[in-house]
Amino acid sequence: MLVLQVSPHPDDELIGAPATLMALRDAGHEIVTVACSFGRPEEASTRRAELEEACRRAGFGLLVASEPLAAELEALLRDRPVDLVVGPSPHDRHPFHESVGRALVAALEAGAGPDRLWLWGLWGALPFPTTVVEHDEDRLAEIQHALEAHESQVSRNDYRRLVAGRGLASTVLGAELTFGFGTRGLAGPYAELTTEVVRTGGGWRLGAPRKLDASDPFPEPTTREIGGWLHSRSAVDG
């Protein structure tokens, strides 16, 4: 299976949904990062080198998108036999994250790529998580080691702490948000949440709530229509 993860900025590939992607990688699936930008022009060469090293450490392939981004993403999805796309929520608060998320939704609606899109939240919490990946200290150390390749960003704001703290919080929040309020919390030391949306006919359905089985990651979706949320007005726009 080919998984295309779309990263708005260098380091998002190891902050958005790294435990999920590494679980898929360990199950034998190919993970390819699509880099959408390299930050400010004066930082581009440094951040590209950091990204290349980070992907090497993580065992991810790397492609670089060009402008205009929406057309490039659609072309990438049409040119490759992609089975799954992973990227930012169209409601992730950061304007560029949201534009990438909306470009992915538009590309899939245009018939490019697969029917399944897994969304992560960084700056904005996911209101409808569907997929839980529990992980341990060894996985956290692996993620943080790869993330440390982004030295310019970790020294500016230590995202290693974010990955650890969010993982801890998700063991409490993840069970109830995914499986229903009143559910017992998750037992693992860390957890990661994503939202699966599945294109069906002319609309989108919410994926099935589950703990990820990386060897069989695609259960039947629910009957809940979720296109209204995907296309709703961004809070960033006011």
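The values are calculated or read from the model by the stated rules, or taken from the named source; none is laboratory data. The structure displayed is predicted, hence computed values, not measured ones. Please note: Cβ atoms are built from the backbone with ideal geometry, for glycine as well, and neighbour counts cover all protein chains shown.
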Conditions (1) of a type in the set (A, V, I, L, M, F, W, C); (2) under 25 Å from A164 (Cα atoms); (3) buried (at least 23 other Cβ atoms within 10 Å of the Cβ); (4) out of contact with any Phe, Trp or Tyr (no Cβ under 9 Å at 6 or more places or on another chain): number failed by A27:
(3)
Condition (residue is more than 29 Å from D216 (Cβ to Cβ) and under 13 Å from the mean Cα position of the chain (by Cα)) applied to the range 20-34: is it met by at least one residue?
no
Leading residue by the ranking (surrounded by the most Cβ atoms within 10 Å (Cβ to Cβ)) among those in the range 169-192 that are among the hydrophobic types (A, V, I, L, M, F, W, C) and touching a residue at least 24 places away in the same chain (Cβ under 8 Å):
A191
Qualifying positions in the range 193-205 - under 18 Å from the mean Cα position of the chain (by Cα) and surrounded by fewer than 20 Cβ atoms within 10 Å (Cβ to Cβ):
R199
Report the residue count in the range 91-114 for those that are in contact with a helix residue (DSSP H, G or I) (Cβ under 7 Å, 6 or more places away or on another chain) and under 17 Å from R205 (Cβ atoms).
3
Here are the criteria: (1) in contact with a helix residue (DSSP H, G or I) (Cβ under 9 Å, 6 or more places away or on another chain); (2) at pLDDT 95 or above. Tell me which single one L2 does not satisfy.
(1)
Tally up the residues in the range 161-205 that are closer than 19 Å to P127 by Cβ and among the basic types (K, R), please.
2
For the range 18-51, what are the residues that are closer than 17 Å to G113 by Cβ and either part of a loop (DSSP other than H, G, I, E, B) or touching a helix residue (DSSP H, G or I) at 6+ places or on another chain (Cβ under 6 Å) (or both)?
H29, I31, T33, C36
Quick check on the range 59-86: of everything there that is surrounded by 23 or more Cβ atoms within 10 Å (Cβ to Cβ) and not in a loop (DSSP other than H, G, I, E, B), which residue is farthest from the chain's Cα centre (by Cα)?
L73
Counting only residues that are farther than 20 Å from G16 by Cα and of a type outside the set (A, V, I, L, M), the range 33-69 contains a total of 9
Filtering the range 213-238 down to residues that are charged (D, E, K, R) and part of a loop (DSSP other than H, G, I, E, B), which residue is nearest to the chain's Cα centre (by Cα)?
D213
Filter result for F38 (over 25 Å from D138 (Cα atoms), among the aromatic types (F, W, Y) and free of Cβ contacts under 8 Å to residues at least 40 places away in the same chain):
yes
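Quick grid of which residues meet (1) β-branched (V, I, T); (2) out of contact with any Ser or Thr (no Cβ under 8 Å at 6 or more places or on another chain):
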residue: E13; (1), (2): no, no
residue: P18; (1), (2): no, yes
residue: A27; (1), (2): no, no
residue: R40; (1), (2): no, yes
residue: A54; (1), (2): no, yes
residue: V64; (1), (2): yes, yes
Residue that is nearest to A19 (Cα to Cα) [pool: residues in the range 139-169 that are of a type in the set (G, A, S) and touching a helix residue (DSSP H, G or I) at 6+ places or on another chain (Cβ under 9 Å)]:
G167
